[in-house]
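Derivation of every value follows stated rules applied to the coordinates shown; laboratory data play no part. Since the model is a prediction, treat every value here as computed from it, not as a measurement. Virtual Cβ from ideal backbone geometry, glycine too; neighbours counted across all protein chains shown.
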């Protein structure tokens with residue numbers, strides 16, 4: 001009989017490894033090991049690598065680590081491959097690896113916006129906890145898998161790989177200590193501070209606003225490591241803060257040299273040959289109406305009384321595409337920017353000044369090239385004929401909105417007759433538009449009075465009067481008619497490719513929530529989709545001038561879909577148009593340039609353009625529009641915080657505008673500035689937010705707060721770095 005091998009003491013009678021007693025290694029360390037393996041599920045780690053990454057210092061714990069790993073393998077939390085250890089995630093997949101974009105919500109979790117493959121239905125965003133994110137940040141493109149979590153008895157997601165960082169440079173404020181420094185990022189979607197070694201600070205000093213570049217982020221480190229690559233200036237300085245906002249949202253500080261050179265090379269004079277190829281409107285009464293501070297004039301109106309009693313009304317738009325040609329450096333930069341951005345104290349233009357304020361701008365008393373939408377109309381706004389094409393114009397006068405409004409109200413002054421005829425027609429167009437189903441959204445915009453240092457000295461809501469609405473109606477008419485004209489052009493039985501501005505139907509669930517909200521103020525809404533526009537318009541009229549006006553209008557807007565650019569002609573719900581586009585602002589919007597090119601192409605009997613090429617540009621333009629809006633809001637919020645810093649300790653009246661798990665947002669009635677009352681600052685009771693009932697209730701006294709409630713607050717604190725205002729309940 002052959003002598004058998006001596007049994008390993010660690011094995012039982014069946015040859016299986018006996019479960020070992022759990023080591024004194026704490027739960028945090030064990031979780032760190034699991035997170036390390038899961039952060040790179042396709043990689044395997046040796047004992048030495050795990051020791052180094054998890055930073056196990058005690059020799060006793062190092063000796064026990066092998067047995068702990070064996071136990072975790074027995075528990076199905078990792079797998080052993082030879083002498084190495086690997087995540088078990090890949091073996092527990094329920095689906096193939098997919099890709100998504102990270103949308104961070106707060107420090108605890110994010111959503112994965114799943115990429116949709118062609119032919120697939122749109123999928124709901126997937127919630128993912130931060131410990132499953134493998135150090136992915138907001139905006140990152142990632143690969144992820146789904147797995148079944150036995151402990152929670154549900155399917156969850158785990159990021160397996162960061163495919164592309166959205167960015168690796170952030171702006172923030174430097175905080176320096178003796179041995180190291182940190183940068184707290186200004187980006188509200190960045191929830192991790194940057195660790196900065198002292199030798200990576202450069203010339204920056206404590207309190208500076210800086211740009212930090214991420215250099216590494218080890219699996220077991222709580223914070224990424226970075227280095228200072230640029231000092232913007234001292235926090236709180238106007239230029240420093242505006243530059244930090246521009247950097248945060250990826251806005252350019254200047255044009256590339258080749259773009260400026262190309263613009264400067266364009267002749268100022270219009271060749272006579274070019275004028276001969278256009279419809280000449282230089283003998284028509286023509287003028288522009290724009291804000292007082294405007295320097296780029298996109299649009300002008302011309303008017304002429306016809307022999308038959310009708311009016312020839314021209315909507316003339318700057319002919320940007322005559323100067324900006326496909327393949328040029330100007331074109332590439334315009335596409336990249338896609339829009340001008342209007343910050344509180346400056347404009348980040350889409351085109352260089354030579355074009356935006358010069359050659360393309362429809363300035364008074366000079367000949368200018370334009371693209372015209374010409375209408376024969378009667379005094380009731382009925383269109384009898386229309387034509388589109390390139391024109392040459394000579395603006396007789398540049399009006400501000402205030403000057404045009406004076407002529408409407410006083411019926412006096414230069415060109416008052418023409419302005420009042422146009423205004424009468426515009427009012428009829430507007431009335432008909434609302435009867436046809438358009439919705440009136442009159443959201444309040446803020447106007448800052450700034451001193452020479454950019455500091456706000458006053459804050460007032462902008463008021464839209466008849467002059468604003470008159471220009472708006474003729475721009476809407478031109479945009480609508482251009483879209484309809486091209487939609488009717490067919491090739492192989494389908495409409496030719498076109499860039500549309502579309503606005504989908506509102507979400508029924510959001511409408512129901514809004515109706516409940518409005519009812520608290522005594523307004524009953526008819527949610528029938530057919531009658532909804534008239535219901536919203538009636539509500540807008542009823543709330544005008546009342547304290548709840550702004551919050552109700554803001555809540556109404558939030559029920560609506562977001563308007564986007566697309567080649568799919570799906571209509572515009574808010575305007576009540578079956579087809580709509582943007583044709584009237586090519587100096588500041590790239591999609592308008594695309595529309596000009598397509599319109600001329602089809603006027604020249606060209607074939608349908610490449611739909612995929614234009615759809616890609618539509619998506620890019622929609623994305624850049626969102627970035628611009630976010631940057632504009634950030635600059636407004638910065639100035640609001642700066643303005644409110646002069647009122648610390650003062651009592652003010654406001655309206656509850658938002659409810660969250662951590663506090664109530666309140667909008668001040670006079671200035672429209674919004675701040676937060678934290679529940680932790682509300683003494684005398686514990687206040688809890690009920691997300692289903694949308695109320696905040698005291699645990700003992702049962703006092704309740706809900707959206708729209710009037711409330712008195714004290715301005716407690718302002719924080720320019722975070723662009724936040726804290727209130728205290730009176």
**Fill in**
Each label sits 7 Å from Cα toward the beta-carbon; between residue 400 and residue 662 the label points are separated, in nm, by 4.3
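Beta carbons within 10 angstrom, averaged per residue: use that to sort the peptides 219-227, 591-599, highest first.
Output ranking for 219-227, 591-599: 591-599, 219-227.
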**Prompt:** Tell me, what is the percent relative contact order of the range 27-90, built from C-alpha pairs under 8 Å that lie six or more residues apart?
**Reply:** 45
**Request:** Please report how far the C-alpha centroid of the range 260-278 lies from that of the range 419-458, rounded to the nearest whole angstrom.
**Result:** 35
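What ranking, highest mean first, results for peptides 258-268, 78-88, 423-433, 313-323 when packing means the other Cβ atoms within 10 Å averaged over each residue? Could the numbers behind the result be given before it?
Details: 258-268: 14.3, 78-88: 16.0, 423-433: 18.1, 313-323: 25.1.
Ranked from most to least packed, the peptides come out as 313-323, 423-433, 78-88, 258-268.
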**Complete:** Taking Cα atoms only, helix 59-74 is inclined relative to the longest principal axis of the chain by an angle, in degrees rounded to 10, of 70
**Item:** Between the range 303-357 and the range 673-710, the alpha-carbon center distance in angstrom
**Value:** 49
**Fill in**
Labelled set (i) 60, 37, 22; (ii) 46, 31, 27; (iii) 56, 31, 27; semi-axes √(5λ) of the Cα gyration tensor in Å computed from this model equals the value at (iii)
**Message:** Compute the helix-to-body angle for 549-558: its Cα long axis versus the longest principal axis of the chain, expressed 0 to 90° and rounded to tens.
**Reply:** 70
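Rank these for me by crowding, 662, 217, going from fewest to most other beta carbons within 10 Å.
Details: 662 10, 217 19.
Fewest-to-most ranking of 662, 217: 662, 217.
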**Request:** For the range 474-591, just the Cα set please: Rg and Dmax, both in angstrom.
**Result:** 17.1, 56
**Complete:** Dividing the helical contributions, -39500 (n - 2.57) per DSSP H run of n ≥ 4, by the residues of the chain yields a 222 nm value, nearest 500 deg cm²/dmol, of -9000 deg cm²/dmol
**Asked** What's the exposure ranking of 180, 144, going from fewest to most Cβ atoms within 10 Å?
**Response** 180, 144
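Relative contact order for the chain: what percent, with Cα pairs under 8 Å and sequence separation of 6 or more? Please list the in-between numbers first.
Values: 1358 pairs, mean separation 61.8, N = 730.
It comes to 8 percent, rounded to a whole number.
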